[in-house]
Amino acid sequence: MTMQKSQDAAQPSLVALQAASQHLAQAQIGEKDILERLHSEIRKLLPPGRVHILLFRDDKTELFAWNKEGEAFPPSYYQAPAAQSIVGWMRDSRESLLVRDFLRDWDKLPAKPSHTHTSPPRSAIFAPLVVADEALGAVSVQSDEPDHFTPDHLWQLRILANQTAAALHAGRLLRAERWRANQLSTLAEVTRSVVSILDLDELLTHVVDVIQEAFGYYHVQIFVIEKGAQRAMFRASSGLETNELWRRVGRSTRLGEGIIGWVLEHGETYLAPDVSLDPLYIPDDPRHLPDIRSEIALPLKLEDRVLGVLDVQSNKLNDFDSENRFILNALADTVASAVANARLYKQVQEDARTATELEVARNIQIGFLPEHAPQPPGYEVAAIWEPARQIGGDFYDFIPLADGRLGIVVADVADKGIPAALYMALSRTTMRLVSTRDTTPSTALQRVNTAILDTTYSDLFVTIYYAILDPTSHQVTYASGGHGLALQASETDIAFLRGKGTVLGVLPTIAVEEHVTELAPGDYL
């Protein structure tokens, strides 16, 4: 009941937060409109308090402030925040902060407030405005009351701050370089097309071509780490000649080797403004790429896992500014998701094909088993077979012998799946061939062992329990090649039909004991 109430109470908050995020996303591109919208949404979602929004502008900080009644103060400028202040700490760490009580928790704070207010706040929540690992500013909500805010309030402020940072950054991009509007539109188009391509080679070829065409870079290439490998294989290049050549020769890069290897190893973006001065730069063949001047390599990451590298090269020095890096980072994230989706799609196809093949193999394996249990005069015989997987190494068999006798086989290959099924087919066929030669159980198992060793070089082995029933004399002669014991049960007793013997398919010579038991009316074997 308590959990349901908590969920019910959280639902309106989530709905309101979603609406606030949409409002921020729809705000006009001007900074003033974005900040006023942020303040408005804070007042709707959070407990009343003073709201401060700071924007970092080179070596200065601009402050936008509202009192707890929502009245705005004129914007003001300050020096860049000191590293030991809370705002400076947020700028450097990109972390948010909940202060329940400044007086009580003063010694626990990671940094100290820098205000000189005559009535300082008792509690506050702080969140940085971060986008593309760059702190654009910070937002705080402050109260004169201790314990005024909760972790849930901080969580909501962080989401609003992230939305605001994205809007501010987008505005700065558009105001700084209007001509990039077409490139941003192209990025959106690339994102839509990338996520729809499920063939990995087609996907990566499309990506490098579109990046070069849309942004005019000199050369673009992608390396992808193969599963379990310590190197990344070249998969696509924007240059037709290099693309065909490097695919043909199987070009690859080891972890830690050059710029691309460094990114693979560290999972971080690497920027070389001037490759001639960069110690990690390894020149490509000058016959193909003679004019590389700067380079940026971005990890294709899914959560914390590096899938590969998007490497972009320019024929201009220092050609990757913050706007370029932002766009390429967004594109790298999208490409990483697309690579993961393409691999997943391929795995699903392979799994479906394997499932079909396993179903066929299961039907074939079932065909090796007796279609019906024989019914010797005076006896009832039944069997059941259920592998641990779709196919397996367990099997049984009934072998008709001379004079109405019946050979009974129960066996288990020491493995599961396809290898065990193949070994089972060999063992079953060999057992049938040997047993029909009118031999005793112990001799049959020894001959099967020899035949298996002569036929296969596998490290598998099989255990077989083989018994011969004579329905006329009611005697059962049995031997075990390393298999579990059988039971003989009467109305008053249970006997264990033990027999020492070695597994088959390991040693060239095995010792197998043979025993005889007699069945009485009503006995079970």
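Numbers at a glance
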quantity	calculated
Filtered residues of the range 366-393 (kept if in contact with a strand residue (DSSP E or B) (Cβ under 8 Å, 6 or more places away or on another chain) and under 30 Å from Lys227 (Cβ atoms))	Pro387, Ala388, Arg389, Gly392, Gly393
Set Arg432, Arg437: member being in a loop (DSSP other than H, G, I, E, B) and either open to solvent by less than 60 Å² (accessible area, probe 1.4 Å) or closer than 30 Å to Ala511 by Cβ (or both)	Arg437
Where a residue in the range 322-335 is free of Cβ contacts under 8 Å to residues at least 40 places away in the same chain and its partner, wherever it lies, is open to solvent by 10 Å² or more (accessible area, probe 1.4 Å) and among the acidic types (Asp, Glu), with Cβ under 7 Å and at least six apart	none
Those residues of the range 359-373 which are in a loop (DSSP other than H, G, I, E, B) and either open to solvent by less than 40 Å² (accessible area, probe 1.4 Å) or of a type in the set (Phe, Trp, Tyr) (or both), in sequence order	Leu369, Pro370, Ala373
One residue from Gly250, Gly256 being open to solvent by 20 Å² or more (accessible area, probe 1.4 Å) and at pLDDT below 85	Gly250
Within the range 195-226, considering residues that are of a type in the set (Val, Ile, Thr) and touching a strand residue (DSSP E or B) at 6+ places or on another chain (Cβ under 8 Å), the one nearest to Leu310 (Cα to Cα)	Ile222
Any hit, the range 442-455, residues being over 20 Å from Arg405 (Cα atoms), among the aliphatic types (A, V, I, L, M), touching a Phe, Trp or Tyr at 6+ places or on another chain (Cβ under 9 Å) and outside any helix (DSSP H, G or I)	no
Residue count, the range 305-352 (criterion: in a helix (DSSP H, G or I), under 24 Å from Leu198 (Cβ atoms), in contact with an Asp or Glu (Cβ under 9 Å, 6 or more places away or on another chain) and hydrophobic (A, V, I, L, M, F, W, C))	1
Segments classed as strands (runs of 3 or more DSSP E), wholly inside the range 235-304, with at least 3 members that are under 28 Å from the mean Cα position of the chain (by Cα)	252-254, 294-302
Which listed residue is crowded, with 17+ Cβ neighbours inside 10 Å and in contact with a Ser or Thr (Cβ under 9 Å, 6 or more places away or on another chain), from Leu422, Leu460	Leu422
Boolean, Arg428 is basic (Lys, Arg), touching a residue at least 60 places away in the same chain (Cβ under 8 Å) and in contact with a strand residue (DSSP E or B) (Cβ under 9 Å, 6 or more places away or on another chain)	yes
Restricting the range 456-472 to residues that are in a strand (DSSP E or B) and in contact with a helix residue (DSSP H, G or I) (Cβ under 7 Å, 6 or more places away or on another chain), the residue that is modelled with the lowest pLDDT	Val462
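Residues are listed down the side, and each one gets a yes or a no for (1) of a type in the set (Ser, Thr, Tyr); (2) under 16 Å from Ile159 (Cα atoms); (3) modelled with pLDDT under 90:
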site	(1), (2), (3)
Asp33	no, no, yes
Pro48	no, no, no
Ile53	no, yes, no
Asp59	no, no, yes
Pro74	no, no, no
Ala80	no, no, yes
Ala83	no, no, yes
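A quick yes/no check of all residues on (1) at pLDDT 90 or above; (2) surrounded by 18 or more Cβ atoms within 10 Å (Cβ to Cβ); (3) of a type in the set (Ser, Thr, Tyr):
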position: Ser294; (1), (2), (3): yes, yes, yes
position: Leu298; (1), (2), (3): yes, yes, no
position: Val306; (1), (2), (3): yes, yes, no
position: Val309; (1), (2), (3): yes, yes, no
position: Ile327; (1), (2), (3): no, yes, no
position: Val339; (1), (2), (3): no, yes, no
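The values are calculated or read from the model by the stated rules, or taken from the named source; none is laboratory data. This structure is a prediction, so every number in the text was calculated from the model and none was measured. Note that we place each Cβ from the backbone using ideal geometry, even for glycine, and neighbour counts take in every protein chain shown. Please note that ligands, DNA and RNA were not included when accessible areas were found on the heavy atoms of the full protein model with its side chains. Shrake-Rupley method; radii C 1.70, N 1.55, O 1.52, S 1.80 Å.
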